[in-house]
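Just so it is clear, none of the values below were taken in a lab; they were calculated from the coordinates. None of the values given here were measured: they were computed from a predicted structure. Note: ideal-geometry Cβ built from the backbone for every residue, glycine included; neighbour counts use all protein chains shown.
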Amino acid sequence: MNSLDKAFRVVDIGPNPENKDEALKFRKFWGEKAELRRFKDGRIAESVDPISYSSSLLEAFEDLSKRLRAIEDIPLKVSTVQPLDSAFRFTSVFPPEPHPLANEKGGRLRLSRFTPSCIQPLEVMIQLEGSGNWPMDETAIEKTKCAFLLKIGQSLENNWGMMYTATEDNVDVLMSGYAFRLKIWHERGLSLLGRETGIDQVKRVSSIDKGLFFRSQHSSMINGLQSRYPVYGPVSRLAKRWVASHLFSSCLVEEAIELLVAHLFLKPLPYDVPCSRITGFLRFLRLLSDYDWTFSPLIVDINNDLSPNGEKEISENFMSSRKAYEANVQDVEPAMFLATAYDKSSEAWTGSSPSSSELKRLAAYARSSASLLTKLILEDLTDSYRWEGLFRTPLNNFDAVVLLHREKLPYPHRLLFPSELRQGMHVARGSPSKLFHPFLLPGELKGNAKELRKKLLVDFDPLKCFVGDLKASSILLKDPQHITLNIELSNSFKIWYDSLGGDAVGLTWGTHSSKKRGREEASKEVKNPTATNELEAVGEAGKGFVRSVHLLKAPRQA
């Protein structure tokens, strides 16, 4: 669209119902979203509200906030409620849709043929009113938070009939079609982070408050930026989809992507601020590919909060991190130094990833996509297949590929392009599990509301579980001298995946494959079965979820 007013209007107005042919086309295109409306000026027309889910989500959050603040039967009242999920700042690739089972007790159930089995929780941060009676020990603070959350969940259930489930770290509550994950932030936990305790467990627990603080600051700033630049959200969503589509989900978290896109709007020179999602997306790709990440920090100051001393501190932190570059480029951390007013040492979002090698690969992919996008724009190519190429990742760029059963993905409709591979050596093959289905089966839709709600899986992601299992798995192998070795799979290869709905996982060999290999070496792997044994273990770890495992390039021993 060439008009910002049209591009970001709340309601799309279609044809007059008297124009039957055009009205039929409109309804066929929009499906159930289309409806006939009378507008304030007296017009009657077909229309569609594309962001109705966002408005219902905000209404649900407002109701939740009021209920939390109204709770009386806890020692400290709730003083602040802040949403942390990207859906609330309009940068979520898939805004949550109301789920018919995620309602209060007594709510009317309207189940469809395709009722999802899973629902994603939306994180919400709670702060309680001040008190001097909190324990001083970090572990005790976390236990106290847990007790408060449990009491809050019970109060929500008793007073408003809200279903809840509790864990050690949070409470999930179901309300108005959504699952909200409640977490408590306590400022004392942040103030005590600098203590020299020498206890690893205490350091781990104290990082919870630090992480919540970072996310709180980030959410507030991005919300403000989104209100200033309406096109910021669409550009962020495109950027996130691109990163995930090329299997970089483990390298770049969504907050880092949002900051990279924010930089394009805050420091657009020598251009104007992006006024379309395509322009913003192209600049995002060029920023990734062309920026001098090794010798320059990227400072994102959304609210002009940085003082000269703050900028000096960032510069000193950056120079300190780059001292390792003189010894070994691979040891530079963070490889992408992304600084903000609340994070002057780049530890919040890029402290451990991407690594130097991951960033190099990311930049190469961005350069290729930017070239393709530029060609599509300059030559005015409208063929959808060519545009889809921006989000198709070449699987032959990996050393091994794991294909997943699409029907076992929690949200199969989010899959952009089904993955197929007809090269390399077939190492493993598996049948789909019968224990999980992305949609509730017809036989499961029977019963009362309470029983049906128990079948709803909150925050269940088979891919996340599979990747976690791979990182924690090890296998026993014998070397040529028949010495038994315990090999951790996470040390054998790097895992690349799409957290937004991909059906392929890429693997690249680790340090023991430092020399260049040819694809034809895969056929020689039978002589050295270490790689095939490791890949067979990958297939076994994902039994019921993994469709097949393919070896494309065998590792060469250093």
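The table for this structure:
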item	result
Packing rank of 133-140, 338-345, where each peptide gets the mean count of other beta carbons within 10 Å, highest leading	338-345, 133-140
Residue 163 long-range amide H proximity, modeled H, under 5 Å	105, 174
With 5 Å bins from 0: P(r) over the range 363-474, alpha-carbon pairs, percent	2, 8, 13, 14, 16, 14, 11, 9, 7, 4, 2, 0
Residue exposure sequence - 408, 375 - by fewest surrounding Cβ within 10 Å	375, 408
Full-stretch length increase - residue 271, residue 154 - with 0.36 nm per residue and alpha-carbon distance subtracted	36.7 nm
Peptides ranked, highest mean first, by Cβ atoms within 10 Å: ranges 273-286, 148-161, 300-313	273-286, 148-161, 300-313
Set 28/240; 494/553; 183/210; 105/455; 464/494 screened for pairs whose C-alpha atoms are more than 23 Å apart	28/240
Estimated vicinal HN-Hα couplings, Hz - the range 176-185 in sequence order (Karplus 6.51, -1.76, 1.60; Gly, Pro = x)	6, x, 10, 10, 9, 9, 8, 10, 9, 9
At q = 0.11, 0.16 Å⁻¹, base-10 log of I(q)/I(0) for the range 229-389 (Debye sum, equal scatterers on each alpha carbon)	-0.45, -0.93
Order by protection proxy (mean Cβ within 10 Å, highest first), peptides 224-230, 19-25	224-230, 19-25
Estimated FRET transfer efficiency when R0 is 22 angstrom, pair residue 439-residue 105 (beta carbons, to 0.05)	0.40
Cα convex hull volume per residue for the range 37-185 (Å³)	155 Å³
Viscosity 1.002 mPa s, temperature 20 °C, Stokes-Einstein D of the range 310-439 from Kirkwood C-alpha radius, µm²/s	112 µm²/s
